[in-house]
Each structure stands twice: as structure tokens, then as C-alpha cells.
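Enquirer: First the structure, which I've put down as C-alpha cells, then a few questions once you've had a look.
The values are calculated or read from the model by the stated rules, or taken from the named source; none is laboratory data. Being a predicted model, the structure only gives us computed values, none of them experimental. Note: ideal-geometry Cβ built from the backbone for every residue, glycine included; neighbour counts use all protein chains shown. For the accessible areas, the whole protein counts, side chains as well, though only heavy atoms, and no ligand, DNA or RNA atoms are used. Shrake-Rupley method; radii C 1.70, N 1.55, O 1.52, S 1.80 Å.
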Amino acid sequence: MAAKKTVVRTLVESGFAKVSEVCRAIGLQRSSFYWVSQRSPESIELEREVLRLSKDNPRYGYRRITALMRREGHKINSKRVQAIRRRHGLQVRKKQRKSRRVN
């Protein structure tokens with residue numbers, strides 16, 4: 001949906017057509033085009049903190065990141081941590097296997 005919003009915004013700003021015409025052509029509801037996400041500052045801060053901990057500790061999974069967050073005093077669900085990490089494409093890095101000597 002974000003990509004469609006970007007296309008509509010680009011076409012309208014360049015003067016090709018009206019919002020209603022472009023939305024109809026793309027198949028996007030006009031109300032969806034005008035809708036703005038309303039995230040709380042606490043939610044944004046929690047996401048930043050999860051990303052910081054994940055970048056500092058690339059070997060930690062969502063369960064351990066959740067434990068660290070709870071130790072710091074945040075009330076956060078493990079499913080939320082998992083969703084944030086998935087949205088940003090974060091996965092636990094695999095350990096590189098030691099190469100064995102070839103005879």
C-alpha cells in the first residue's frame with residue numbers, strides 16, 4: 001500500500017491527474033491515500049531500542065532481546081519484538097563453521 005501511495009503522490013505532484021483519478025486507476029481507496037499512521041512516541045522508542053539491541057548483539061534472537069528489554073524495565077511482548085525484527089529483516093547470524101583439514 002505504501003508503494004501505491006507513493007505513486008499517487010508522485011503523479012499528483014507532477015500534475016498528471018487528480019488524486020481521485022489516479023486512485024481509481026491504481027485501485028487504491030482515496031481514504032487509504034489520505035490516512036496517516038498514528039504511532040505513539042513510546043512505540044517508536046521501543047522499536048528503536050529493539051533495533052539497537054539487535055544491532056549490538058547480532059547473535060541474540062528475539063527471545064533474548066525480549067529478556068534484555070524486560071530487564072531494562074520495558075513492558076514488551078515477545079511477539080512484538082519478533083514482528084519488529086522481521087519487519088526490518090533481522091535474523092540471527094549463523095556461526096561460520098570451522099574448516100576441516102583436507103588430507
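Enquirer: I'd like to check something: does region 66-76 contain any residue that is modelled with pLDDT of 95 or more, of a type in the set (Lys, Arg) and surrounded by fewer than 16 Cβ atoms within 10 Å (Cβ to Cβ)?
Expert: yes
Enquirer: When only residues in region 3-43 that are open to solvent by 100 Å² or more (accessible area, probe 1.4 Å) and among the acidic types (Asp, Glu) count, which is nearest to MET69 (Cα to Cα)?
Expert: Here the residue is GLU42.
Enquirer: Hey, among LEU53, LEU46, which residue is surrounded by 15 or more Cβ atoms within 10 Å (Cβ to Cβ) and free of Cβ contacts under 8 Å to residues at least 24 places away in the same chain?
Expert: Details: LEU46 fails: free of Cβ contacts under 8 Å to residues at least 24 places away in the same chain.
When all the criteria are applied, what remains is LEU53.
One line per residue, one yes/no per condition, for (1) touching a helix residue (DSSP H, G or I) at 6+ places or on another chain (Cβ under 7 Å); (2) part of a helix (DSSP H, G or I):
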| position | (1), (2) |
| --- | --- |
| LEU11 | yes, yes |
| ALA17 | yes, no |
| SER37 | no, no |
| ARG70 | no, yes |
